[in-house]
Each structure stands twice: as C-alpha cells, then as structure tokens.
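Heads up: the structure comes next, in structure tokens.
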Amino acid sequence: MTVTSDMTTLRQWYPVAYPNQIRPESTYDTTLLDQRIRLSRDDHSQITAHRLADDNSEMATIPIVQRFDTLFSTLGDSPRPLPQIAEFSEDDRRIIHCGSFRVRTSPCRIVENFLDMAHFCFVHTDVLGSIDRPEVLSYKTEYHPETDEIWAVDCQFFQPTASKSAAASGQGLMAHYSYRILSPFSVMLYKSAMNFAGRFDAICLFIQPLSETDCLCYMPMAILDNVSTKTDIIDFQQSIFVQDGIILENQRPKLMPLTPRSETPTRADLSSIAYRRWLKSSGVRFGLQSVEGS
Amino acid sequence: MTLFRQPQSVALSGNIRPGDVHPVILHEKEFALWRGNDGVAHLWRDRCPHRGMRLSFGFIRENHLKCLYHGWEFRSDGSCQKIPAHPDLEPPTTLCVDTLPVIEKFGLIFAVSDTQKSSPSTHQWQPVRSLFFDFPQEDIVSKLNQLTAISFEESGDIYLSDDQMFACGLQTRSGRQCALHMSTRHRSRRIRLDTARRMVRWRHVITEMVK
C-alpha cells in the first residue's frame, strides 16, 4: 500500500504507542497510514521513530512527542498542533489509559460512533442506556474557529450505570456530556463526574489508522474517581469498547459514504452531520468512500 | 431492487423459523433473510439506511425488524415505523430498506425478480441440508447425479428427483462460490438424516472432482 496523498490527513499527529509498550533498548514496529514505522528506545530512555523501507531498514526520522500519557507521531510537514486539554494537568485527576483496541473499519466510523448517544440503550443496554428511555434530547453543535474544532454541547442522556464510580451508587442518573472533535480522527468527551458536582471526566479517543479500514484506538482519560481501582476502571471502558467493536466492524460500507441519501440521519445525529460536513470542508478523503465509488 | 435473471434459492424454509434473521450472500451482495412471527419470509439488503449497520444483526419483534445499532424499527414492507431516539417523530416515508421479493416452494426460499404466488404445498417439504462450495455452480447438479442413485431433473428454477421426493435449489454467492439447498417430502426422519449425512460426503467428492 502507498501512503495517502490526502494532505489534511498527513498533517495530523497520530497516536502510535503508549510509552510502556517500548522497553529500554528495544524497538516496536507498527504502521501509520499504510507506512510502516519503527519506534526505538535507547539506554537513556530516549524514544526515536523512523519510517521503514520494504526490507525493514530504517529510513527518514519522523517526530515523536509524548502527550496525554501517549506517544504521537506524524508523517506530514507542519502538522496541526495537538489539542490543549487542561484536565490532564489537574492534580486531583487520575490519568489512565485502557490499552489500544484494534477495529477493522474506517476511522471516521469510529469517531462517529464515539459522538453518538442514540446507540447507548441498544448497544450498551443497562450500562450507558436504558431500553425504556431511548430518547435523545435536543443539543447544540458549535464551530470554534480559533481551534478549528467542532463541539457538541448541552448533551444529556439517562444512564443506569454511567461510569465505574456511578455503578456503586446503584441508581441511574441524567449524565451530562460535551463532545469535542479534536482532529479528523480524534475526539473527546466531557462527562459529568459522579461525586464531583460541576466537574467533568475527560475521556479521549485518539485513532491510529493503520490503513483506511483498520485502526488502533487509544483512550487516555483524566478522571475524577478516588474510589474505583485502576483495574475496575479499565474493565469498565474495555467492556464498553468491545460492544462498540461489534457494531463498527459490521457497518457497510466500511469507508464512510458522504454522498447525499447514502445514509439518512435524524435529529440525534446533529454532531455526526457537523462532523461529516467538517471532514468534507477540511478536504479529508482518507477513510471516506470516494464519490466515484458510491 | 432487481439483481438476478434466474430465481435464486437462498435457504431451506425449515431452517428460517419465525423470529429468525440470517445473513445471506447473493451475487456478492449481502442480504438479511428473516421471518416474521406471521410466518412470512423477507429478503432485505443487509444494511440499515441510517448508518449502514448490517440488519442481519437485528432482532425480530412481531412482524418488524429492529436494527441492533439504534433500534430503528422497519415494517415488513421495508418502511421505517419508529426511531426510538425521537419517540414523537413520524419517520419520513422515503426512509426505507431495499427489499427483494421472495417466494417459498418445495421447502425452499427463492429470491425472485417479481412476486409470484407461492406453492401451497411448501409445508409438506422438510429441510435436508445446505452445502456451500468454493467454486461456481456450473454442472453441480450433473455431478451430483453421477454420485447418487437419485437423479435430478431441472424443472424451472428447481431440480426435482425422479421420484419427486427430493428438491434442490441453487444459489450463486459470487463468481467463485455457490450453494445447494436440498429438501424432501419424505416423512421419515431417518431418510432425511441419512441423506444429510451422505451430502457431506458428496460435498467432499464434488470438491475433489472440480480440482
């Protein structure tokens, strides 16, 4: 496979590993946008990254930075800066990541699923949604020109078990959400934190597209929870993600179609509509069905 | 939606019970085959018009199919009846799943290009089994005839045995894959099971012949 010629997609930072995946004096090979790359950690714990040639030899160096407890790299010149997420610097938060999940579909489908509240009661039944309260109340989307981000705000949904800490209380609650689309293939949500009135957990989804229809998903979180164990929190997030994986790998086509009438949205899909429109205006082609192919 | 000149057998009637939904591949396209609690079989494109989720993962409520992803509920004619996220919203009439007409006869379900009347005798026929092959369907019945004491004759879109006790339908899954579905009106469970067991051997021998 050749690396995409889609410049918008090339000029982004992508997660490529968690720091603890690369042991001292060892290497870790992976793929980014169909380009094979190698991460290496030297005996001073410094990490470098290279493109790999067909014969596995190391070619040009590519940049690597660590943010949100995750390593990011890019194949493009002057990439769009990584987002500012203040919650990751707040002292009373726990920074936890939940492993990386392989999902064989387009990164666009994964972002859209993350933005979607209407599936909670059908896919995450009795956890993030209750089958007898499926209604998605009206919310708003905003474009923030200074950061070129799309936000969905004033979102709320009734949840029987909104999080690991909420599960302990044994009763449902109206969870409040905001979503931020941080880049074409990364998104995050703020969700009302149990026992911390007025504050929100920050949960990110950064996607490493191996190819157009094969992705690794990284979910670093900055959360407010001084009750649950780390294992409990990871188990909760992983059980949610497993349920989404079944949906994501069975959407057809895998590449997201943007042509009118190929997929019919409803009011609850306001954020998805804004995302699709923003992808189109940003010139993204990667992960999308080409117009000729539809 | 019309895709085939020849009617295609997609499954054995007795294997799709009321409330069941199965994925089916015809000419490289994915379909959801399901049966409502009223006993009527349906063949739909395996794709929800909302976000493309495969409807063969959905579930049957009475005579409607609900998509697994967002619970959108579709009537037996393919039109959308309900969007749970918006209980007060009347779904637009244009919101509709692509459907293919099916008929049932000789214990087989056929995708047809237009709706014909089903044979009323279908309930006398019982499923034997379906075989799936990794090669095109040309001559598959003549190969079967070489192997078995039963001789099948083409009769319209189906193949009937000399004694009219067995029926076969063929399915083109792709240019390289086909399926054969066999039913019988033998009442004897032993004959059905014996034939089903022998079919597994035939599958092996026919695959060797094609190599």
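Just one of (1) within 14 Å of another protein chain (Cβ to nearest Cβ); (2) in a strand (DSSP E or B); (3) of a type outside the set (A, V, I, L, M, F, W, C) trips up A:D244, so point out which.
(2)
Do we have A:T9 as within 21 Å of the chain's Cα centre (by Cα) and at pLDDT below 95 here?
no
Could you list all residues from region A:77-105 that are within 19 Å of A:F286 (Cβ to Cβ), crowded, with 18+ Cβ neighbours inside 10 Å and at pLDDT below 95?
Hits for region A:77-105: nothing passes.
This table checks each residue for (1) more than 23 Å from A:L248 (Cα to Cα); (2) within 9 Å of chain A (Cβ to nearest Cβ); (3) at pLDDT below 95; (4) not in a loop (DSSP other than H, G, I, E, B).
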| residue | (1), (2), (3), (4) |
| --- | --- |
| B:N37 | yes, no, no, no |
| B:W44 | no, no, no, yes |
| B:C48 | no, yes, no, no |
| B:I60 | no, no, no, yes |
| B:L65 | no, no, no, yes |
| B:H70 | no, yes, no, no |
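Residues that are under 23 Å from A:L32 (Cβ atoms), touching a residue at least 60 places away in the same chain (Cβ under 8 Å), buried (at least 23 other Cβ atoms within 10 Å of the Cβ) and small (G, A, S): does region A:206-224 have at least one?
no
If you go through region A:219-237 one residue at a time, do you hit one that is among the hydrophobic types (A, V, I, L, M, F, W, C), more than 20 Å from A:Y275 (Cα to Cα) and touching a Leu at 6+ places or on another chain (Cβ under 9 Å)?
No, there is no match, as no residue in region A:219-237 is among the hydrophobic types (A, V, I, L, M, F, W, C), more than 20 Å from A:Y275 (Cα to Cα) and touching a Leu at 6+ places or on another chain (Cβ under 9 Å).
What strands (runs of 3 or more DSSP E), lying completely within region A:45-87, carry at least 1 residues that are assigned by TED's automatic domain parsing to the domain that holds A:T27 and without any contact (Cβ under 8 Å) to a residue 12 or more places away in the chain?
A:58-62
For region B:157-174, how many residues are over 19 Å from B:F133 (Cα atoms) and touching a residue at least 40 places away in the same chain (Cβ under 8 Å)?
The total comes to 2.
Identify all residues within region A:124-159 that are touching a Phe, Trp or Tyr at 6+ places or on another chain (Cβ under 7 Å), modelled with pLDDT under 95 and aromatic (F, W, Y); write none if there are none.
A:F157
A:G198 fails exactly one of the following numbered conditions: (1) buried (at least 20 other Cβ atoms within 10 Å of the Cβ); (2) at positive phi; (3) more than 14 Å from chain B (Cβ to nearest Cβ); (4) not charged (D, E, K, R). What is the number of that condition?
(1)
Which of the following residues is touching a strand residue (DSSP E or B) at 6+ places or on another chain (Cβ under 7 Å) and charged (D, E, K, R): A:D148, A:D225, A:D232, A:D214?
A:D225
Condition check ((1) within 16 Å of the chain's Cα centre (by Cα); (2) among the aromatic types (F, W, Y); (3) under 23 Å from A:S106 (Cβ atoms); (4) surrounded by 14 or more Cβ atoms within 10 Å (Cβ to Cβ)) across all residues:
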| residue | (1), (2), (3), (4) |
| --- | --- |
| B:I25 | yes, no, yes, yes |
| B:D46 | yes, no, yes, yes |
| B:G52 | no, no, yes, yes |
| B:L95 | no, no, no, yes |
| B:L108 | yes, no, no, yes |
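Anything in region B:72-116 that is away from chain A (no Cβ under 14 Å), among the aliphatic types (A, V, I, L, M) and either part of a loop (DSSP other than H, G, I, E, B) or in contact with a Cys (Cβ under 6 Å, 6 or more places away or on another chain) (or both)? List them, or say none.
B:V112
Output the residues belonging to region A:255-292 that are aliphatic (A, V, I, L, M), under 18 Å from A:T4 (Cβ atoms) and in contact (Cβ under 8 Å) with a residue 40 or more places away in the chain.
Those that are aliphatic (A, V, I, L, M), under 18 Å from A:T4 (Cβ atoms) and in contact (Cβ under 8 Å) with a residue 40 or more places away in the chain: A:L255, A:M256, A:L279, A:V284, A:L288.
Mind telling me which of the residues A:L210, A:L224, A:L189, A:L205 ends up being modelled with pLDDT of 95 or more and farther than 20 Å from A:D69 by Cα?
Answer to the check: A:L210.
Taking the condition modelled with pLDDT of 95 or more, surrounded by 16 or more Cβ atoms within 10 Å (Cβ to Cβ), among the hydroxyl-bearing types (S, T, Y) and over 23 Å from the mean Cα position of the chain (by Cα), does A:S73 pass?
No: the conditions fail for A:S73.
Looking only at residues in region A:106-150 that are part of a helix (DSSP H, G or I) and at the interface with chain B (Cβ under 9 Å from one of its Cβ atoms), which one is surrounded by the most Cβ atoms within 10 Å (Cβ to Cβ)?
My answer is A:C121.
In region A:247-288, which residues are surrounded by fewer than 19 Cβ atoms within 10 Å (Cβ to Cβ), within 12 Å of chain B (Cβ to nearest Cβ) and within 24 Å of A:P79 (Cα to Cα)?
none
The values are calculated or read from the model by the stated rules, or taken from the named source; none is laboratory data. All values derive from a computational prediction rather than experimental measurement. Quick reminder, even Gly has a Cβ in these numbers, built from the backbone with ideal geometry, and neighbours come from all protein chains shown.
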